[in-house]
Amino acid sequence: MSTAARVVSTALPPFRNEPLTDFSRREEREAFQRAMADIRARLPLEAPLLIGGKRIETEETIPSVSPSDTSLLCGRSSAADQAAADKAVATARRAFEDWSHTTAEDRAALLLRTADLMRQRRHLFSALEVYEAAKPWHEADADVAEAIDFLEYYAREAIRLSGRKRLQPYILGEYNDLSYHPLGVVAVIGPWNFPLAIPVGMSSAALVTGNTVILKPAEQTPLVAWLYARLLEEAGAPPGVFNFLPGRGEVCGAHLVRHPDVRMIVFTGSRDVGLLIQREAVAAQQEGLPFVKKIVTEMGGKNALIVDSSADLDASVPDAVYSAYGFAGQKCSALSRLILLDDVYDVYLRRFREAVESLKTGPAGDPGTQVPPVIDAEAAEKVHSYIRMGEESARPVYRADVTALAGKGHFVPPAIFEVASSTHRLAQEEIFGPVVAVLRAGDFDEALRIANSTPYALTGGVHSRTVSHLERARQDFQCGNLYLNRTITGAIVARQPFGGYRLSGIGAKAGGPDYLKQFMIARAVSENRMRHGSAPLTERGTDDTWEEF
Amino acid sequence: MSSIPYQTKQNFEEPHPSRPREERLEALTRRIGRNLFRRMRSSAPSFWRLAAVEDHFMKLMMRDEDLRFRMLQFVDVFPSLKDTRSVTRHLEEYLSSEEMGSGTGHGPLGRIASLLGRDLGGVRVITAATARLAITRMANQFIAGHTPEEVAVRIRSMEAGGFHFSLDLLGEFVASEVQAGEFARRYLEMIERFEDLLGPLPAVFADQPHLQAPPRVNISIKLSSLTSRFDPMDPEGTSAAVRERLRPLVRAARQHGAFINVDMEKYEFRDITLQIILDLLDEEEFRGFPHLGAVAQAYLLDADESLRWFLAELARRNQPTTIRLVRGAYWDSEQIWARQKGWPVPVISDKRQTDIMFERCTRILMEAAPLVRTAIASHNVRSIAYALALRKVLGQPAGAFEVQMLYGMAGPIKDAVLRSGVPVRIYTPCGELLPGMSYLVRRILENTSNESFLRQRFSNRVSEEKLLASPHESGLEDLGI
Ligand SMILES: Cc1cc2nc3c(=O)[nH]c(=O)nc-3n(C[C@H](O)[C@H](O)[C@H](O)COP(=O)(O)OP(=O)(O)OC[C@H]3O[C@@H](n4cnc5c(N)ncnc54)[C@H](O)[C@@H]3O)c2cc1C
């Protein structure tokens, strides 16, 4: 164990969430504005590939354009081809030999150093997100805080799970233990909507458990991910342990998935791509792999909030509005179905509409913006197509007028539709934009039935002050993250482990006590310690024991 | 937007050089305090007599924290329950769940029932009707009426007794521009019309000029109710949006001779609230308008620093106004919000320190006279006595200063202060129970809190000398040492 590592394991304070920036303080606002100016002056940035500690620039590059202002080029990333992907895998595989033999403490120390560096440059990361991902200030700030949380949390988790744990019940003369071991090369394929937190969470989990990583960032947000790659380097990640592979999903992403030396794929993104990865991985299996590819996928949601008759409307309207329209609805946890109980339906819908009418759509850099543009033209077109669908086959309640912003960026209008049936496509399909389908329920049971009527199960919420209804929701509301009397987005590491099931994902909970186990295999060893009737009596129950699986 | 309090770290000159002698001030404070206690006519304000159903409700809440929490949750949901069946159901769900050990006479509901329940064949049960009665009466205790007309009736009789008022329109969170516009419209209507509802000013004031504190119509408003985008992250945008709706109100106040007091809300909103007031007063049209008041909250760790900054800003502009000094109404919430966000808690955690800060701010404020008029908003006799003593020591005239208290609270103290010749203004809420719920819950929390002066005085029966002791004293006597 290195000295740094020993310090880590002995003096690590308990996990504590990184506080969000208090933007009501002038010095924080000014610091943030300085960071924005600082980043702005450095644009466009370049993001090369990073393989085995070497930066490689490719001929083909992918532009990264600000969604708030399409005339602003944030930078360009290199685009890995299949050969580059092969090289990255071979490099990561070689690096695995050593990295897998480091101690959990050493690896945790790497994460903690990275977290420190990120903290120091926190506003720079956020500012780049404002430009590259069109995250409003506080959303960007929350994303960076969550990234820091993942690093801090997984560092502690890795230490907790490390070593041999003697298993109970203790039997004289028999020594049973369990230990966790890394898998190998892990391909991490990240989304653009949490351009830092999610790639950091997935890749740091892989690293700290002793795997080597190839991170393929989303095409829309390679620059934020590149800053993270540089931070890891600075924190001392050995060459080849972490490789950065920007490029087109169809080209290098797909190649990584099929690659016979990629042991595990961790993906967060759309349902279609997630399922495609699943199929591709199975196909690769048929070509005679000596292991079963492990896949962790986090996909979409069609998340519902139920507003009960006894709900506090004053509190639930703003919660619903923020959950649905914050970051223009581009969170997998975002609210897209509002299920209203009959007796509050009219009042609630009116107040909800009035609140949505009051939202300010605008560029992400403006601190007054509540609804930023969506990520790119394709996303905007998808939102528009659902709005058209709603206007044809549902009852339009509201649609903002964003024509004043037209042509500047990928702005789409916040919209609300009433739909008659939960089978309507607006109530079934993930739109990933500021569009809400409103449904009516006769009673609480029906509300739950409607809530459970999609193939997804990610987040859900209930606003109610009826204790028995909250209890029923706990039991019967099908979702990985249920939120009672609050917003349904904004899961916090450790406090609300995040992830869904059904077609929302495989149920791994990021930021929770089970997450790191996804990245490891468990091995059990049983040793007979009895020799001719003599067994070490002292062994009874003295060891480090396994508290919890 | 120029400067915001906590960044201005310059050392401000103490506005008044001649510091009163501390002992004299302390002796005077106690003497005035004793006089105030003597002047209290009745022994306790209504709900401390514990005669009526709502008094029992309050008393139960003082008995244990968990019960208080559950009862408040029930009070909170109550106005949205439409029929007796759902009232009964929620009563049971909140107050007799299994983990609390339900059953007749044992669970919390049982405890309430044994005090206020109705006898049904030998078993006392609390009915929906009893609960409704208790809550309605509790609300009536703190809320003067549902409509301006109803409230005007109350205020007329308050005025006849020599009291002034500040009208508060209930309603808390504004989620849309429609709601914000509606609030602004109602404020405007009150500024323009309320005097007509009241009719002629009673004669008491004509006879006692020292009790006058014009203008007669005084409205308390919350700036966050004037826009749905009240966001301290965006001070410029927020200030512009709020001033858009504030301008017509201030214009009307000038025209009709009314006072607008800007209430202070949660800590996150403090700096921007003060800044908006300054921004408005910086507009040519409103420069020098003396009837736009602000509030300082003494329970904040940086209360004195912020107050000094604000006074300096006013002095720089030679801008007269009245500042209301309160301890602060969001003590419990601030604790919770800060913990959830991992931010430093902005409020003082030791009541005695808040009391010290209150006196320090009283002095800072009163030394800013005559540019700034002081309103001491407190039910704490020691705090009031301190301010009265300080006024004497500083040799300020009676009109330089007023005391404010909340409707439905501390009746005997109000009487006593008034009879000692100081103008008393009563903060008078108007509105329905539903929008008034946050206000009501804050009042219940405040009155049932162990730290409350009123509870110490009227329920715990702490001795007058203790209640009048300087907050600087060690406090060992409280422990019986
Ligand atoms: C006319 C009027 C207007 C008001 N306007 C406002 C306003 O604009 N904004 C606002 O926030 N409030 C306002 N208030 C409410 C006021 O803050 C409370 O009524 C007041 O705090 C009650 O305390 P007290 O001064 O009567 O005395 P006490 O009963 O002696 O003090 C109780 C107060 O002490 C503080 N406290 C309690 N526990 C602790 C502790 N452990 N550590 C430190 N401090 C503690 C709290 O502020 C609590 O309310 C107003 C009150 C009046 C009378």
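Where a number appears in this text, it was derived from the coordinates with a stated rule and is not lab data. Source: prediction; values computed, not measured. With ideal geometry, Cβ positions are generated from the backbone for all residues, glycine too; neighbour counts draw on all protein chains shown.
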Within the range B:129-210, DSSP-loop chymotrypsin sites (Phe, Trp or Tyr not before Pro) with at most 10 other C-beta atoms within 10 Å are none
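As an exercise, use a Förster radius of 41 Å and the Cβ-Cβ distance of B:Arg360 and B:Glu189 to find the FRET efficiency, rounded to the nearest 0.05. Intermediate results must be reported in sequence, preceding the final value.
Details: r = 39 Å, r/R0 = 0.95.
E between B:Arg360 and B:Glu189, to the nearest 0.05, is 0.55.
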Rounded if a/c is under 1.5, else prolate if a/b is larger than b/c, else oblate: which is the range A:9-81, with a ≥ b ≥ c the root eigenvalues of its Cα gyration tensor?
-> oblate
Per residue Cα convex hull volume in Å³ - calculated over the range A:303-493 | 114 Å³
Just name one of A:Tyr322, B:Asn460, A:Pro414: the one whose Cα is farthest towards the positive end of the charge dipole of the protein assembly as shown (beta-carbon charges, Lys/Arg +1, Asp/Glu -1).
-> B:Asn460
Determine the shielding of peptide A:364-372 by partner chains: average, over its residues, the number of Cβ atoms on other chains within 10 angstrom of each Cβ.
-> 3
Reference-scaled alpha-carbon Rg (2.2 N^0.38 Å with N residues) for the range A:381-465 | 1.21
Principal-axis tilt of helix A:82-99 within chain A, Cα atoms, nearest 10 degrees | 50 degrees
Compute the semi-axes of the equivalent ellipsoid of the range A:199-254, taking the square root of 5 times each eigenvalue of the Cα gyration tensor, and list them largest first in whole Å.
-> 19, 13, 10
Ranking A:Thr369, A:Val383, A:Leu359 by how far each Cα lies towards the positive end of the charge dipole of the range A:303-493 (+1 on Lys and Arg Cβ, -1 on Asp and Glu Cβ), the top one is A:Thr369
Pairs of Cα atoms farther than 20 Å apart, the range B:337-422, % | 43 percent
In debye to the nearest 20, the charge dipole size for chain A, taken about the Cα centre with +1 at each Lys and Arg Cβ and -1 at each Asp and Glu Cβ, equals 880 debye
Given Cβ charges of +1 for Lys and Arg and -1 for Asp and Glu, the option among B:Leu81, A:Leu45, B:Val242 whose Cα lies farthest towards the positive end of the dipole of the protein assembly as shown is B:Leu81
Taking the Cα centre of the range A:303-493 as origin, sum charge times position over the Cβ atoms of Lys and Arg (+1) and Asp and Glu (-1), and report the length of that vector in debye to the nearest 20.
-> 260 debye
Using packing as a proxy for protection, rank B:250-263, B:279-292, A:19-32, A:426-439 so that the peptide with the highest average count of other Cβ atoms within 10 Å comes first.
-> A:426-439, B:250-263, A:19-32, B:279-292
Dipole magnitude of the protein assembly as shown about its Cα centre, charges +1 at Lys/Arg Cβ and -1 at Asp/Glu Cβ only, in debye to the nearest 20?
-> 2200 debye
Helix A:26-42 sits at what angle to the longest principal axis of chain A, using alpha carbons and giving 0 to 90 degrees rounded to 10?
-> 80 degrees
Assuming 1.567 mPa s and 4 °C, estimate D for the range B:373-448 with Stokes-Einstein, Rh taken as the Kirkwood radius over Cα pairs, in µm²/s.
-> 95 µm²/s
Starting from the amide H of B:Leu167, placed 1.01 Å from N in the peptide plane, find each other amide H under 5 Å away whose residue is 5 or more places distant or on another chain.
-> B:Asn218, B:Ile219, B:Ser220, B:Thr428
Here the tail fraction of P(r) beyond 20 Å, over all Cα-Cα pairs of the range B:256-351, rounds in percent to 39 percent
Give me the distance in nm between label points sitting 7 Å out from Cα along the Cα-to-Cβ direction at B:Glu451 and A:Asp86, one decimal.
-> 7.0 nm
Let me have the 222 nm mean residue ellipticity of the protein assembly as shown computed from DSSP H runs of 4+ only, each contributing -39500 (n - 2.57), with the sum over all residues rounded to the nearest 500.
-> -13500 deg cm²/dmol
Say each of A:Gln496 and A:Asp272 gets a label point 7 Å from the Cα, pointing the same way as Cα to Cβ; how far apart are those two points in nm?
-> 2.9 nm
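Using only C-alpha atoms and all pairs of different ones, pull out the Kirkwood radius for the protein assembly as shown in Å with one decimal. Please list the in-between numbers first.
Details: mean 1/r = 0.0313 Å⁻¹.
Roughly 31.9 Å, rounded to one decimal.
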With each label point set 7 Å from Cα along the Cα-Cβ vector, what nm distance links A:Leu178 and A:His384?
-> 5.4 nm
Suppose R0 equals 35 Å; then what is the FRET efficiency for B:Lys82 and B:Val345 from their Cβ-Cβ distance, rounded to the nearest 0.05?
-> 0.35
Using the reciprocal of the averaged 1/r over all distinct C-alpha pairs, how large is the Kirkwood radius of the range B:232-275 in Å?
-> 11.5 Å
The helix A:271-286 Cα axis meets the longest alpha-carbon principal axis of chain A at an angle in degrees, between 0 and 90 and rounded to 10, of 30 degrees
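Once you average over the residues of B:263-270, how many Cβ atoms of partner chains fall within 10 Å of each Cβ? Please list the in-between numbers first.
Values: counts 0, 0, 0, 1, 2, 4, 1, 1.
Going residue by residue through B:263-270 and averaging, the value is 1.
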Sequence-distant or interchain residues sharing an amide H contact under 5 Å with A:Ile306, placed H: which?
-> A:Ile339, A:Gly461, A:Val462, A:His463
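Can you give the Kirkwood hydrodynamic radius of the range A:22-148 from its Cα pairs, in Å with one decimal?
17.0 Å
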For B:Glu236 and A:His101, FRET efficiency with R0 = 45 Å and r from the beta-carbon atoms, rounded to 0.05?
-> 0.20
Take the Cα atoms of chain A, build their convex hull, and give its volume per residue in Å³.
-> 168 Å³
